[in-house]
Amino acid sequence: MPTRGFEYRSGLLCCEDVSLEEISSRVGTPAYVYAARSIVENYRAYTRACGAVPHTIHYAVKANGSLGVLALLARHGAGFDIVSGGELFRVLQAGGDPARVVFPGVGKTADEIDYALGAGIAIFNCESEAELELIHERAKRRQMRAPITLRVNPDVSAETHPYIATGLREHKFGIPIGEAEDLYVRAARMENLEIRGVSCHIGSQILDINAFVEALSKILDLIDALRRRGIPIRHLDLGGGLGVGYRPEDETPEIGDYLQALLEKLEGRDLELHLEPGRSIVAQAGILLTTVLYRKQSASKEFIIVDAAMNDLIRPALYKSYHDIIPVRAAGREPVTADIVGPICETGDFFARDRRMPLVEAGELLAVCTAGAYGFALSSNYNARPRAPEVLVEGGSFTVIRDRETYADLIRGERTG
């Protein structure tokens, strides 16, 4: 079971010290459930591994932007990585420090830049010359200097899903590394910009540490060239992207091993390290809790129909991704090969196909594992389905950090004419 913070006790699956049956009886299903201790421990694993090296860990809000999760991490000193004005708003509402916020993203609007400048964020990670000029112009209007890095695309191939790879020259992200030095020189001439460092992010769900090391080597060569030209580079932002295990048999790198490989390359470099992990902090700390509605047998297929659907967790349909699915009650039973599907009118509405798993009956609870990242964050109201609640468990108690939506919520802001 890849998910952390969840274990069977007396045959009943629990999140920390609370049974999932108790949570279901109080909030219903489908529901997202997160283990607070695991989230905090994953964050602390990064800070511990950095040791005495000056660093900031900016949690990637896009992975899971729920206020309860953000507030939990803010209380433990996390910075934040945002990709929109809305994410900045969420961070501020959760008590996050704007001075520990970085803002990458290829399509920042003038309004978003103004909002971030007014809030006093730490750094803009710029991804094009046009964006650099816009930030300079908006900062000039405020008679201030905007702190910036350039996000450099190192042209490194990382083994991951093509939709979440970002480090090759054909991707929309960042400045091609061959053009970065000249653009830094032009940025240094813009009086309302303050160059802080260099940033880089090569993708998500990367399991090969060597890909990060290769990218780092290229970025360090660039930093050396910039310093020779008199451009002060004080910090290095290596983004996020460290993968997690979704299958029980997955072998994934430990956070400590990942940092050790990076820090060995950084020794003696006089650079402050910034990282932007998301998935590796929250993915394994969350599950999607769902109830079996029906079993259905066709001529050649067994279906287990549950009350969660692709609007709740789209990753299997979007990425063909694997999520372990386990019963909340672990009583011995015969295995069955089945498709686990939801109620939505799409053949793509599935969580697993031809999955060998314990036989379950209508009314039983299932946990879709490793759903803490890009689960609720990618959910929608497709088929006019209210979005699921979110629950944060801390020890022996839990809090509903997002209410289940109602039918009235589905039409809020709409008019008939």
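The values are calculated or read from the model by the stated rules, or taken from the named source; none is laboratory data. Only a predicted model underlies this, so the values are computations on that prediction, with no experimental measurement involved. Reconstructed Cβ throughout: ideal geometry from the backbone, glycine too, with neighbour counts over all protein chains shown.
Residues that are more than 26 Å from the chain's Cα centre (by Cα) and in a loop (DSSP other than H, G, I, E, B) were ranked within segment 397-417; the one that is farthest from L289 (Cα to Cα) is G417.
Of the numbered criteria (1) within 19 Å of R353 (Cα to Cα); (2) in contact (Cβ under 8 Å) with a residue 60 or more places away in the chain; (3) part of a loop (DSSP other than H, G, I, E, B), the one L293 fails is (3).
Of the residues D114, D97, D81, D17, the single one that is surrounded by 23 or more Cβ atoms within 10 Å (Cβ to Cβ) and among the acidic types (D, E) is D81.
Only one of the listed residues (V244, V282) is in contact with a helix residue (DSSP H, G or I) (Cβ under 6 Å, 6 or more places away or on another chain), surrounded by 13 or more Cβ atoms within 10 Å (Cβ to Cβ), at pLDDT 90 or above and farther than 25 Å from R402 by Cα. That residue is V244. Being over 19 Å from E16 (Cα atoms), in contact with a Lys or Arg (Cβ under 8 Å, 6 or more places away or on another chain) and of a type in the set (A, V, I, L, M): is that true of A362 here? Taking the combined requirement at face value, the residue satisfies it.
Applying the criterion of at least 2 residues that are within 11 Å of V393 (Cα to Cα) to the strands (runs of 3 or more DSSP E) found wholly in segment 1-55 leaves 12-15, 31-35. In summary, helices (runs of 4 or more DSSP H) completely within segment 188-290 and bearing 2 or more residues that are closer than 22 Å to S128 by Cα occur at 209-228.
Among the residues making up segment 116-159, those that are assigned to a helix (DSSP H, G or I) and of a type in the set (D, E) are E129, E131, E133, E137. Among residues of segment 87-115 being part of a helix (DSSP H, G or I) and in contact with an Asp or Glu (Cβ under 9 Å, 6 or more places away or on another chain), the one that is farthest from G174 (Cα to Cα) is V91. The set of residues from segment 342-355 being assigned to a loop (DSSP other than H, G, I, E, B) and acidic (D, E) comprises E346, D349.
Is one or more of the residues making up segment 27-50 among the β-branched types (V, I, T), surrounded by fewer than 18 Cβ atoms within 10 Å (Cβ to Cβ) and under 15 Å from S280 (Cα atoms)? Taking every residue of segment 27-50 in turn, at least one turns out to be among the β-branched types (V, I, T), surrounded by fewer than 18 Cβ atoms within 10 Å (Cβ to Cβ) and under 15 Å from S280 (Cα atoms). The condition (being hydrophobic (A, V, I, L, M, F, W, C) and within 21 Å of the chain's Cα centre (by Cα)) is satisfied by just one residue among V328, V341, V368, V336: V368.
Considering each residue of segment 133-144 in turn, none proves to be among the β-branched types (V, I, T), within 19 Å of Y184 (Cβ to Cβ) and surrounded by fewer than 20 Cβ atoms within 10 Å (Cβ to Cβ). Tell me whether segment 358-375 contains one or more residues that are touching a residue at least 24 places away in the same chain (Cβ under 8 Å), surrounded by fewer than 19 Cβ atoms within 10 Å (Cβ to Cβ) and not in a loop (DSSP other than H, G, I, E, B). Yes: one or more hits. Among the residues making up segment 4-49, those that are within 16 Å of I255 (Cα to Cα) and touching a residue at least 60 places away in the same chain (Cβ under 8 Å) are R4, S38, I39, N42, Y43, A45, Y46, R48, A49.
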